[in-house]
Amino acid sequence: QVQLVESGGGLVQAGGSLRLSCAASGYIFNNYAMGWFRRAPGKAREFLAGAMWSGGSTYYADSVKGRFTISRDNAKKTVYLQMNSLKPEDTAVYYCARGGGPRPRDPREYDYWGQGTQVTVSS
């Protein structure tokens with residue numbers, strides 16, 4: 001079965017960096033786009049970044065553009081989210097998801113989700 005497992009979250013000071021990983025299994029990884037989302041307490045789920053199957057096309061939310069970078073290693077079946085210049089408002093649970101539709105910013109285009117990893121940024 002399809003499984004997505006995030007790791008790499010934790011507590012970091014404002015201005016610091018973290019790299020999240022999402023290991024995929026149970027399907028042909030190369031055939032699908034991948035995305036990162038987050039949900040902060042009391043807020044709606046937010047699209048952050050997406051990468052098409054080859055990784056050549058990437059998409060970012062304005063809130064993280066220039067600070068976050070999505071990448072994927074198809075040989076390792078893993079997608080990453082490098083997060084730099086973190087801010088307290090980046091505190092949330094971060095999720096990776098398997099996509100494939102033509103609208104990478106739309107969460108409805110994603111059919112499988114990981115369990116999430118907590119990121120906490122202290123001021």
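The accessible surface of segment 46-88, taken with every protein chain in place and a 1.4 Å probe, is 47 percent carbon and sulfur. For segment 14-26, backbone phi angles converted through the Karplus equation (6.51, -1.76, 1.60; θ = phi - 60°) give residue-by-residue couplings of 4, x, x, 10, 9, 10, 8, 10, 9, 8, 9, 8, x Hz, Gly and Pro being listed as x. Remark: the chain carries 51 Å² of accessible area per residue (probe radius 1.4 Å; ligands, DNA and RNA excluded). Have a look at L20, L11, L48 and tell me which one the Gaussian network model of the chain (Cα, springs below 10 Å) gives the largest fluctuation. So, out of L20, L11, L48, the one fluctuating most is L11.
The values are calculated or read from the model by the stated rules, or taken from the named source; none is laboratory data. Computed from a predicted structure; not experimentally measured. Surface accessibility is based on the protein's heavy atoms, side chains included, excluding ligands, DNA and RNA. Shrake-Rupley method; radii C 1.70, N 1.55, O 1.52, S 1.80 Å.
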